[in-house]
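Asker: One structure is given below, represented as structure tokens, and several questions about it will come after.
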Amino acid sequence: MFTSGTTGAPKGVVLTHGNAWWNAVNVELRLDTRRGDTTYAAAPLFHIGALNSFALRTLTRGGTVVVRRTFDPQQCADDLVRLRINSMFGVPQMFTALGRVPGFFDQDLDHLRAVVVAGAPVPPSLVRQYADRGLLLQQAWGLTETAPFATHLPAERTRDKLGSAGIPMPHTQVRIVDLLTGAPVEPGTRGEIVVRGPNVAAGYWNNSQATADAYDAEGWFHSGDIGYFDDDGCLYVVDRLKDMVISGGENVYPAEVEGALATMPGVLDAAVVGIRDPQWGETVVAVITVDRGTPLTLDDVRDHTAQHLARYKLPRRHKVVETIPRNGSGKLDKPVIRQLAAEEQ
């Protein structure tokens, strides 16, 4: 299965039957899914989250998979109620759009027991919005290379560990290591997330260099994601290493800024990138979509994000667009977004 290619060319990940099996074992031990369940597959099935974590497991156990070619928020809201869906995987953008469907949270959704959000940075405000209405989004983290779940936050921890991607799966090891030395770091210290276990693919198809770059001699897969563990062993994912912006010598993680923008009234979607700047090296640019008719100045953006972030992380420029570019998996298309941001210069 090919990666989404958000930070470069897609790579073919060689996934074995064993990788898929151990992912299924991991997920079965964590999620409240049962024989005879109905799962909803509107996230594309070339996305490993929808395919491996729900669709294949449900079929294996004799359940029902409802497949939609595209995700339509109103149709999804109707399907969840009418077909009494029990489980669903989606990326954050899907749940953001679903939450805007009029009357969605007024419906009887008690049958919806296992709802996982992953595949992109998850704004804590999104999880809080659903939790306040009695629907617990279970955040998870992983990649195509981990088949995919490496961590998962149990539903009962949703409120007290808001924003966490959870704890390692039962048959998977997860560490945070120093970016320079590769040595494990203490809780609270940011570093690269590395994974080892029977669910982890052995390498990339016809790409020995990419395999050598991503896997070390001890079998740890280096994800390219930055995160940290808290004192309770819960993982918090900060951002992709390749997306990090270095502005004035300070590290800025776009996902943090995007999370702050997600709480701003009138903002429908947001992406943050760094573009070259003669004074700062790189400067932080916010690309935003807003409710129709909502005025939005740079001062508005900076005043709001300053309530959540240090000043050096605040956008120095912004651009309002009709639609934020995303790929087929629903992830932000950062190369295209950088081009959009640079057009303002």
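Just so it is clear, none of the values below were taken in a lab; they were calculated from the coordinates. The shown structure was predicted, so the numbers you read here are calculated from the model rather than taken from an experiment. Positions of Cβ are generated from backbone atoms using ideal geometry, with glycine treated the same way; all protein chains shown enter the neighbour counts.
Asker: Find how much the distance from Asp277 to Val321 grows on full extension, using 0.36 nm per residue of separation minus their present alpha carbon separation; answer in nm with one decimal. Mind dumping the intermediate values first?
Answerer: Values: separation 44, 0.36 × 44 = 15.84 nm, distance 2.17 nm.
Length gained, Asp277 through Val321: 13.7 nm.
Asker: Still on this structure, I have one more. Round to the nearest 0.05 the FRET efficiency obtained for Thr297 and Ala217 when R0 = 41 Å and r is the Cβ-Cβ distance.
Answerer: Values: r = 52 Å, r/R0 = 1.28.
Between Thr297 and Ala217 the formula returns 0.20.
Asker: On to the next question. Looking only at Asn19, Asn207, Asn199, which one moves most when the chain is put into a Gaussian network model with springs between Cα atoms under 10 Å?
Answerer: Ranking Asn19, Asn207, Asn199 by mean-square fluctuation puts Asn207 first.
Asker: Based on the Cβ-Cβ distance from Ser208 to Thr70, what FRET efficiency comes out when R0 is 45 Å, to the nearest 0.05? Don't skip to the end; give the middle numbers.
Answerer: Values: r = 37 Å, r/R0 = 0.82.
Using R0 = 45 Å, I get an efficiency of 0.75.
Asker: Still on this structure: Where is the GNM fluctuation largest for the chain (alpha-carbon springs, 10 angstrom cutoff): Ala310, Ala155, Ala120?
Answerer: In this elastic network of the chain, the residue with the biggest mean-square fluctuation among Ala310, Ala155, Ala120 is Ala310.
Asker: Please identify the GluC sites (Glu not before Pro) of the range 178-268 that satisfy two criteria: DSSP loop assignment and at most 12 other Cβ atoms within 10 Å. Which are they? Numbers along the way, then the final one.
Answerer: Working: sites: Glu192, Glu218, Glu250, Glu256, Glu258; in loops: Glu218.
Qualifying residues, ordered by number: Glu218.
Asker: Along its principal axes, what span do the Cα atoms of the range 26-176 show, with the longest given first and each in whole Å?
Answerer: 42, 34, 24
Asker: Quick check: convex hull of the Cα atoms in the range 229-291, volume per residue, rounded to a whole Å³?
Answerer: Working: hull volume 6.6 nm³, N = 63.
Spread over its residues, the Cα hull of the range 229-291 gives 105 Å³ apiece.
Asker: If you don't mind, there's one more thing I want to ask. Given the C-alpha atoms of the chain, compute the convex hull and give its volume per residue in Å³. Write down the numbers at each step before the final one.
Answerer: Details: hull volume 48.1 nm³, N = 345.
Hull volume over Cα atoms, normalised by residue count, gives 139 Å³.
Asker: Ignoring everything except DSSP H segments at least 4 long, calculate the 222 nm mean residue ellipticity for the chain; use -39,500 (n - 2.57) per segment, divide by total residues, nearest 500. Numbers along the way, then the final one.
Answerer: Values: 9 runs with 77 residues, N = 345.
The helix-only estimate for the chain comes to -6000 deg cm²/dmol at 222 nm.
Asker: Taking the chain as a Gaussian network, Cα atoms linked when under 10 Å apart, which of Thr305, Thr283, Thr323 shows the biggest mean-square fluctuation?
Answerer: Thr323
Asker: Which trypsin sites (Lys or Arg not before Pro) in the range 206-301 pass both tests, a DSSP loop state and at most 10 other beta-carbon atoms within 10 Å? Could the numbers behind the result be given before it?
Answerer: Numbers: sites: Arg240, Lys242, Arg276, Arg292; in loops: Arg292.
Of the trypsin sites (Lys or Arg not before Pro), the ones in loops of the range 206-301 whose Cβ has at most 10 other Cβ atoms within 10 Å are Arg292.
Asker: Working out 0.36 nm times the residue gap between Leu179 and Val25, then minus their Cα-Cα distance, what length gain in nm do you get to one decimal?
Answerer: Working: separation 154, 0.36 × 154 = 55.44 nm, distance 3.11 nm.
Additional length available on full extension: 52.3 nm.
Asker: Give me the three principal axis extents of the range 163-292 from the C-alpha atoms, as integers in angstrom, largest value leading.
Answerer: Principal extents (largest minus smallest coordinate, Cα): 49, 34, 30 Å.
Asker: What translational diffusion coefficient, to the nearest whole µm²/s, does the range 244-342 have by Stokes-Einstein, given a Kirkwood radius computed over alpha-carbon pairs, a temperature of 10 °C and 1.306 mPa s viscosity? Mind showing how you got there, number by number?
Answerer: On the way: Rh = 13.4 Å.
Translational diffusion coefficient: 118 µm²/s.
Asker: Another question, then. Write out the chymotrypsin sites (Phe, Trp or Tyr not before Pro) in the range 170-262 meeting two conditions: DSSP loop, and at most 15 other Cβ atoms within 10 Å of their Cβ.
Answerer: Those satisfying the criteria are Trp205.
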